[in-house]
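A short worksheet on the structure shown next.
The values are calculated or read from the model by the stated rules, or taken from the named source; none is laboratory data. All figures in this text were calculated on a predicted structure; none of them were measured in a lab. We place every Cβ from the backbone using ideal geometry, glycine too, and count neighbours over all the protein chains shown. In case anyone asks, the SASA skips ligands and DNA or RNA and just uses the protein heavy atoms, side chains included. Shrake-Rupley method; radii C 1.70, N 1.55, O 1.52, S 1.80 Å.
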Amino acid sequence: MAKEISVLLIDGYIDDPAALGVPPYISPMARSIAGAALDAGADRVEYLTVDMLRGGARVPEASVSVVLSGNTVPGKYLRSMPMSQKELESLVPRLHGWKMIGGSAAESDAAEGFDFVIKRDLAASLYDGMVGKEVGERLRTLDEWNRWMLLGTDIVTRHQDFPQPLIAEVESYRGCHRFSSGGCSYCIEPTKGRPLMRSPDDIIEEASRLRELGVRNLRVGGQTCIVSYGSDPDSQLPTPNPMMVDDLFEGLQSLGFDVLHVDNANAAVIASHPDESEQVLDTLASRCTDGNVLALGMESADPRVVMENNLNSTAEQVLDAVRMINRIGGSRGPRGMPRILPGINIICGLDGETSRSYGMNMDVLDTIVSEGLMIRRINIRQVLPIRREFSVRVDQRRFKRFKEEVRENIDRTMLERVAPYGTVLRDVYMELKDGNTTFGRQLGSYPLLVGVPYKVDTDTFQDVYVTDWGFRSITGVTYPFNINEMPMSALAALPGIGKKRAQRIAVERPFGGFDDLLEVLEDPHVVDRLRDVVVF
């Protein structure tokens, strides 16, 4: 009897521009690895996440052990985070069979303990090794891509966040339309070459299988520009293909996911092809879930930096794109959020940057504020020398001042516009308790961080009524708010109440209505502010 071939896949989570894999996400890279293993003849694939290992899960015997991990662009994590260097080092001696690692962790010192260190496509290299070919660095073919994504779907059911709040990410294409010119200086996507597009039918087939398994939330991610999906792969500034985008999202919408979101867009494409881009944005606004975000890679508003780093778009193109996205996507959807909003990425330390560059970046953000526009999020980071070294040395004090200026003068204003007082955010997933505050987020791309200033059961979905804003998060109370039943800590969190009034309410309740409440509070203005949130 032939010996069973088993593959152990340890998902240490990745957080890269091309894929999200930190919970509540499961990366498409993890699913493609499982699919490649099965396609190559594995009898079974054991799937473990780093959180399962942290919880005491045993590392099983395996013919092949594969680790996927790393965060090229580190984020701020709420409930989990990628595998640390220390965790990876302690894991290596416990792995069995021949060992392979991929993701940005392949660049770490701990990777020296693996037999194969893969820096391009871990699934393709695993497949080659298992079928007896030389293990090297290559990208999967389109047929392999589609086949492996289907074969690997089943591992989603073994993720600790399945079925809720898990978000499965599916990929529409890889590569960069500007690959022939080298693309942006800092980005690895141009190294993947000419865009390779998956068809709407193939993406929908994968999504349909995920939905059949019980996945409730889907994100179309990984692509450099969703507006350019289906366009000419040989054009550096492609004309969008609205019909193909609509075919894809009509099919995805029909599958009945709770959340359907996307990722990146190229502002230059939107600004240069306004008619076609408007049709694509109409599709995304109408067929996706509200709270959707199109991250625009401005990177720098300084024309010199744009030129020296071959960046996608100018500051004026970014502003044109922000205006169009706001006009089409600014209306509020059933979950309480604008349907689709822009995000802006700013990278400091690119070649050509001077002290004046920071002022130019700020001018763009000030224009957005003065025109009454909305941005869902502003991501500011320092360039990472992934493709090459950069000549600029970032002044850390200036960088910190710039971030603080954006937080104080821009971020809070944006939060007030995106989620005004009295907005009811539906289905906020409560994730973490910190003292007396419970934090949660809606599911989707770049969701708002919501703090409820009293204890709420975690791992539950709550509707939240917005009452205040910070620089990076909002504050609210659970909705509807039954004033006759809620504890003192919750009463004190109501707008205009505080501890003393909360004590009076607790002593005098139950109330039959707002007239009874007014007799106790003796302040019509405070009572009026409670009419939309309080029930009896």
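Table for the structure above
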| quantity | calculated |
| --- | --- |
| Enumeration of residues in the range 105-128 that are crowded, with 21+ Cβ neighbours inside 10 Å and touching a residue at least 24 places away in the same chain (Cβ under 8 Å) | A105, A106, A110, F114, L122, A123, A124, S125, L126, Y127 |
| Any pair with Cβ under 7 angstrom, 6 or more apart, that starts in the range 366-382 at a residue that is in contact (Cβ under 8 Å) with a residue 40 or more places away in the chain and small (G, A, S) and ends at one that is open to solvent by less than 60 Å² (accessible area, probe 1.4 Å) and outside any helix (DSSP H, G or I) | none |
| Failed item in (1) closer than 19 Å to R426 by Cβ; (2) touching a residue at least 40 places away in the same chain (Cβ under 8 Å); (3) of a type in the set (A, V, I, L, M, F, W, C), with V456 passing the rest | (2) |
| Sole exception among (1) on the phi > 0 side of the Ramachandran plot; (2) not in a loop (DSSP other than H, G, I, E, B) for D201, by number | (1) |
| Members of the range 496-524 that are at negative phi and among the acidic types (D, E) | E508, D515, D516, E519, D523 |
| Condition broken by V369, with the remaining ones in (1) of a type in the set (A, V, I, L, M); (2) open to solvent by 50 Å² or more (accessible area, probe 1.4 Å); (3) over 28 Å from F162 (Cβ atoms) satisfied | (2) |
| Restricting the range 180-195 to residues that are open to solvent by 50 Å² or more (accessible area, probe 1.4 Å) and in contact with a strand residue (DSSP E or B) (Cβ under 9 Å, 6 or more places away or on another chain), the residue that is nearest to N345 (Cα to Cα) | I188 |
| Whichever residue in the range 352-366 is open to solvent by less than 20 Å² (accessible area, probe 1.4 Å) and in contact with a helix residue (DSSP H, G or I) (Cβ under 7 Å, 6 or more places away or on another chain) and, among such residues, is farthest from Y479 (Cα to Cα) | G352 |
| Out of V428, V456, V520, V507, sole residue that is of a type in the set (V, I, T), open to solvent by less than 20 Å² (accessible area, probe 1.4 Å) and not in a loop (DSSP other than H, G, I, E, B) | V428 |
| Yes/no for S90 being more than 28 Å from the chain's Cα centre (by Cα) and surrounded by fewer than 17 Cβ atoms within 10 Å (Cβ to Cβ) | yes |
| Near pairs, Cβ below 8 angstrom, 6+ apart or cross-chain, from the range 30-51 (under 12 Å from S65 (Cα atoms)) to any residue that is modelled with pLDDT of 95 or more and among the charged types (D, E, K, R) | A34/D154; Y47/D11; Y47/R158; L48/D11 |
| Members of the range 374-384 that are open to solvent by 20 Å² or more (accessible area, probe 1.4 Å) and either of a type in the set (V, I, T) or within 17 Å of L296 (Cα to Cα) (or both) | M374, R376, R377, N379, R381, Q382, V383 |
| Enumerated helices (runs of 4 or more DSSP H) restricted to the range 231-348, each holding at least 3 residues that are touching a strand residue (DSSP E or B) at 6+ places or on another chain (Cβ under 8 Å), open to solvent by 10 Å² or more (accessible area, probe 1.4 Å) and at pLDDT 95 or above | 315-329 |
| Unique match (being in contact with a helix residue (DSSP H, G or I) (Cβ under 9 Å, 6 or more places away or on another chain), in a loop (DSSP other than H, G, I, E, B) and either surrounded by fewer than 19 Cβ atoms within 10 Å (Cβ to Cβ) or free of Cβ contacts under 8 Å to residues at least 60 places away in the same chain (or both)) among V220, V215 | V215 |
